[in-house]
1. Sort out which residues of segment 87-107 are of a type in the set (Gly, Ala, Ser) and within 17 Å of residue 167 (Cα to Cα), and write them in order of number.
2. Could you say which residue among 110, 117, 82 is among the hydrophobic types (A, V, I, L, M, F, W, C) and closer than 26 Å to residue 61 by Cα?
3. Can you name the residue in segment 177-186 that is hydrophobic (A, V, I, L, M, F, W, C) and surrounded by fewer than 16 Cβ atoms within 10 Å (Cβ to Cβ) and is also farthest from residue 63 (Cα to Cα) among such residues?
4. Is at least one residue of segment 162-179 of a type in the set (A, V, I, L, M) and at pLDDT below 90?
5. Can you name the strands (runs of 3 or more DSSP E) wholly within segment 60-163 that have at least 2 residues being over 30 Å from residue 41 (Cβ atoms) and of a type in the set (A, V, I, L, M)?
6. Restricting to segment 1-32, name every residue that is open to solvent by less than 60 Å² (accessible area, probe 1.4 Å) and either in a helix (DSSP H, G or I) or over 28 Å from residue 100 (Cβ atoms) (or both).
7. Of everything in segment 110-160 that's basic (Lys, Arg) and touching a residue at least 24 places away in the same chain (Cβ under 8 Å), which residue is nearest to residue 99 (Cα to Cα)?
8. Which residue, of 122, 174, 166, 127, is of a type outside the set (A, V, I, L, M), surrounded by 15 or more Cβ atoms within 10 Å (Cβ to Cβ) and more than 21 Å from the chain's Cα centre (by Cα)?
Amino acid sequence: MAVMKIENVVASTSLGKELDLQAIALALDGAEYVPEQFPGLIYRLKEPKTATLLFRSGKVVCTGAKSLDQVKAAISKVAKQIGAAGIKVDGKPDIVVQNIVASSDLGAKINLNAIAIGLGLEKVEYEPEQFPGLVYRLDAPKVVVLLFGSGKLVCTGARKPEDVGEAVDRITEELKAAGLLKQRADA
């Protein structure tokens, strides 16, 4: 399986009831709530390093985590802090991963022009004048991979870490099969 690094996990949940964001903003030290600019309250944690967006509907979005465990820890911490301020919320909310962004390295430089032609234009977008990477859309797992000439890549749209590994493995095999990725001597 490919070596990958999760850069960001975005997940959502609901705290089970409508929230008084003004009261929460006053109760949580450092919370940002400017409804004229953004309808949600932004609360950043140092540990785990995340940003949690709270909305009046009770919906919550957590971003910046490097794992699902960090997401769970962040949401739990925020829920406890809100509860400690006297605002009742659901203490064990169901968390749904919306997006995982991860990076990996194919271990060799790649020719994006050749890849755009070799993989077919149905699933590939490559306009180097607009963006230096090649956009490759996979059907299974349903993710988008940005390939760069350096051999580095970014995978987005995954719902679980295994999807990222599967996507990188699949791209690696497709590129090797098409003769577009040379095996390194140390691999």
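1. We begin by selecting, within segment 87-107, every residue of a type in the set (Gly, Ala, Ser); these are 91, 102-104, 107.
102, 103, 104, 107, listed by residue number.
2. Working: 110 fails: closer than 26 Å to residue 61 by Cα; 117 fails: closer than 26 Å to residue 61 by Cα.
The unique qualifying residue is 82.
3. So in segment 177-186, the residues hydrophobic (A, V, I, L, M, F, W, C) come out as 177-178, 180-181, 185.
Restricting the remaining residues to those that are surrounded by fewer than 16 Cβ atoms within 10 Å (Cβ to Cβ) gives 177-178, 185.
Working: 177: 37, 178: 37, 185: 39 Å.
Top of the filtered list is 185.
4. Residues of segment 162-179 that are of a type in the set (A, V, I, L, M), as a first pass: 164, 167-168, 171, 175, 177-178.
If we keep only those that are at pLDDT below 90 as well, we get 178.
The answer is yes; a qualifying residue exists.
5. Values: elements: 96-105, 134-137, 144-147, 152-158.
Result: 134-137, 144-147.
6. 21, 23, 24, 25, 27
7. Applying the first criterion (basic (Lys, Arg)) to segment 110-160 yields 123, 137, 142, 152, 159-160.
Still in the running and touching a residue at least 24 places away in the same chain (Cβ under 8 Å): 152, 159-160.
Values: 152: 20, 159: 5, 160: 8 Å.
Step by step, filter segment 110-160, then rank; the result is 159.
8. Working: 122 fails: surrounded by 15 or more Cβ atoms within 10 Å (Cβ to Cβ); 166 fails: more than 21 Å from the chain's Cα centre (by Cα); 127 fails: surrounded by 15 or more Cβ atoms within 10 Å (Cβ to Cβ).
The match here is 174.
The values are calculated or read from the model by the stated rules, or taken from the named source; none is laboratory data. Remember, it's a predicted structure, so these values are computed and weren't measured experimentally. Positions of Cβ are generated from backbone atoms using ideal geometry, with glycine treated the same way; all protein chains shown enter the neighbour counts. Side chains included, ligands, DNA and RNA excluded: accessible areas come from the protein's heavy atoms. Shrake-Rupley method; radii C 1.70, N 1.55, O 1.52, S 1.80 Å.
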